[in-house]
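The values are calculated or read from the model by the stated rules, or taken from the named source; none is laboratory data. Note that this is a predicted model, so its numbers are computed, not measured. For neighbour counting, all protein chains shown are included, and Cβ atoms are generated from backbone atoms with ideal geometry for every residue, glycine included.
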Amino acid sequence: MAHRVVELGSKVRIGAVWYIVILSCLISCAISQAQNNATPPPAPGRLVDIGSRQLHLYCIGNGAPTVIMENGQSSFSVDWGLVQPEIAKVTRVCTYDRAGYAWSERGPATGSVEQTTDDLHLLLRTAGERPPYVLVGASIGALYAQGYQRRYPDEVVGFVFDDPAGEEGAKYMVNGKDMPIYEMTGADMRTAFKPLFIKPPHYDPPTKIEEPYDRLPANLQPLRLWAWQKFFAEMDVVNDLITADSWRSEFIALRRRRLARPHPLGNMPLIVLGRNQEDNATRQKDLQSLTALSSVGKLIIAENSGHAIHLYRPELVIQSIRDVVSAARRIPHISSRNDR
């Protein structure tokens, strides 16, 4: 499933807004209580206490740099089941679930870039997973990965972007016109989000594993289905509004950094994976802009792949991660730590 960044709502009357906010919060609390009362399946990894709540982290393998997987929107740690075991043969690799996803508990601003990057930093530190890191971001996960590096630049030594969300393709409908997220004002965001407050979208939760998740190992498919159903049950328009506003701010900040100077990541190892099913000019511009973040950036087009390249073409993602890890190890202070 391709994911587009969703933006905020409209100039709704104050009374109506607060009514919807309160009602949504009450529904969300009731759903969360029901979820808490249900027994989730055992997590592949461990639940790490980051102070006020727990996040799910699953790490295997040894070596440095450690590879950290950042999931796409409505995606989970188990989605890397074809990739993680292979990377563990060459280095340490961790998957995790963002707040509110699968086994991880919700936070005050679930899905926002600020909470996500701070959560990940605290999670890794608390769990004893030391930098340097190679960050692998799928879809909107590439935005979170860049956001993490922008806040903690000394910890990141390489990137792999798996069909990443880009600033040119992130658009929302405002007064009948698609508008890039980085051009939107607060008023534009409210206009774009207004229909979701007036008539929240209804989604029927999935009842079975479908393409491409049927490519996952058989033991992970029931976990994926459970996490997907939980995600649908806890969807919250109010939280989506907070998340979308955060995404807008981060896209603007990253765009400013990119335009301020050529190759803002210097010569950091970087591989961008796109797919041949999206060959329009806007998408190509996004992929090329992301590749140009590094002077040694490399763009690879995955043939015969859908959006989740790590499921359609896992061998390509595995090799790309290995290549970035190898390049990062040629940096002296990293190669000297390759004994964990």
So if I check each of 141, 81, 61, 137, which one is within 23 Å of residue 217 (Cα to Cα) and touching a Gly at 6+ places or on another chain (Cβ under 7 Å)?
141
So residue 111, is it surrounded by 20 or more Cβ atoms within 10 Å (Cβ to Cβ), within 22 Å of residue 51 (Cα to Cα) and not aliphatic (A, V, I, L, M):
yes
Determine which member of the set 98, 46, 4, 13 is in contact with a strand residue (DSSP E or B) (Cβ under 9 Å, 6 or more places away or on another chain) and at pLDDT below 95.
4
Within region 81-96, the residues that are touching a residue at least 60 places away in the same chain (Cβ under 8 Å) and assigned to a loop (DSSP other than H, G, I, E, B) are 81, 82, 83, 90, 91, 92
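Is there a residue being at pLDDT below 95, acidic (Asp, Glu) and surrounded by 13 or more Cβ atoms within 10 Å (Cβ to Cβ) anywhere in region 85-93? Working first, answer last.
We begin by selecting, within region 85-93, every residue at pLDDT below 95; these are none.
No, because not a single residue in region 85-93 is at pLDDT below 95, acidic (Asp, Glu) and surrounded by 13 or more Cβ atoms within 10 Å (Cβ to Cβ).
Name the residue, out of 158, 166, that is part of a strand (DSSP E or B) and either touching a strand residue (DSSP E or B) at 6+ places or on another chain (Cβ under 6 Å) or surrounded by 14 or more Cβ atoms within 10 Å (Cβ to Cβ) (or both). Full working, then the answer.
Values: 166 fails: part of a strand (DSSP E or B).
Only one candidate passes the filter, namely 158.
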Selection from region 114-128 of residues that are crowded, with 19+ Cβ neighbours inside 10 Å and closer than 24 Å to residue 321 by Cβ
116, 117, 119, 120, 123, 124
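Yes/no matrix, rows are residues, columns are (1) under 18 Å from residue 140 (Cα atoms); (2) out of contact with any strand residue (DSSP E or B) (no Cβ under 8 Å at 6 or more places or on another chain); (3) outside any helix (DSSP H, G or I); (4) modelled with pLDDT under 90:
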{"position": "231", "(1), (2), (3), (4)": "yes, yes, no, no"}
{"position": "293", "(1), (2), (3), (4)": "yes, no, yes, no"}
{"position": "310", "(1), (2), (3), (4)": "yes, no, no, no"}
{"position": "320", "(1), (2), (3), (4)": "no, no, no, no"}
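Working only within region 199-223, note down all residues that are at pLDDT below 85 and either surrounded by 12 or more Cβ atoms within 10 Å (Cβ to Cβ) or under 25 Å from residue 308 (Cα atoms) (or both). Quick ask: steps written out before the conclusion?
Narrowing region 199-223 to residues at pLDDT below 85: 199-205.
Answer for region 199-223, where residues must be at pLDDT below 85 and either surrounded by 12 or more Cβ atoms within 10 Å (Cβ to Cβ) or under 25 Å from residue 308 (Cα atoms) (or both): 200, 201, 202, 203, 204, 205.
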Can residue 143 be described as touching a Leu at 6+ places or on another chain (Cβ under 8 Å), surrounded by 19 or more Cβ atoms within 10 Å (Cβ to Cβ), touching a residue at least 60 places away in the same chain (Cβ under 8 Å) and over 16 Å from residue 165 (Cβ atoms)?
no
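Take residue 66 and tell me if it is in contact with a helix residue (DSSP H, G or I) (Cβ under 7 Å, 6 or more places away or on another chain), modelled with pLDDT of 95 or more, at negative phi and among the polar types (S, T, N, Q). Walk me through how you get there before you give the answer.
Working: in contact with a helix residue (DSSP H, G or I) (Cβ under 7 Å, 6 or more places away or on another chain): no; modelled with pLDDT of 95 or more: yes; at negative phi: yes; among the polar types (S, T, N, Q): yes.
For residue 66, the condition - in contact with a helix residue (DSSP H, G or I) (Cβ under 7 Å, 6 or more places away or on another chain), modelled with pLDDT of 95 or more, at negative phi and among the polar types (S, T, N, Q) - is not met.
Tell me the residue from 78, 21 that is β-branched (Val, Ile, Thr), at pLDDT 95 or above and part of a helix (DSSP H, G or I), please. Full working, then the answer.
On the way: 21 fails: at pLDDT 95 or above.
Of the residues listed, the single one that is β-branched (Val, Ile, Thr), at pLDDT 95 or above and part of a helix (DSSP H, G or I) is 78.
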Can you tell me which residues in region 262-287 are surrounded by fewer than 19 Cβ atoms within 10 Å (Cβ to Cβ) and either in contact with a strand residue (DSSP E or B) (Cβ under 7 Å, 6 or more places away or on another chain) or at positive phi (or both)?
263, 266, 276
Out of curiosity, is residue 227 within 28 Å of residue 181 (Cβ to Cβ), among the small types (Gly, Ala, Ser), under 17 Å from the mean Cα position of the chain (by Cα) and at pLDDT below 90?
no
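Take the residues in region 295-308 that are of a type in the set (A, V, I, L, M, F, W, C) and assigned to a loop (DSSP other than H, G, I, E, B), then tell me which one is surrounded by the most Cβ atoms within 10 Å (Cβ to Cβ). Give the derivation first.
Of the residues in region 295-308, the ones of a type in the set (A, V, I, L, M, F, W, C) are 296, 299-302, 308.
The next check asks that each one be assigned to a loop (DSSP other than H, G, I, E, B); those that pass are 296, 308.
On the way: 296: 14, 308: 24.
Checked region 295-308; the qualifying residue surrounded by the most Cβ atoms within 10 Å (Cβ to Cβ) is 308.
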In region 174-198, residue surrounded by the most Cβ atoms within 10 Å (Cβ to Cβ) [restricted to those that are within 22 Å of residue 249 (Cβ to Cβ) and of a type in the set (A, V, I, L, M)]:
181
So residue 222 passes all but one of these: (1) farther than 29 Å from residue 79 by Cα; (2) in a helix (DSSP H, G or I). Which condition number does it fail?
(1)
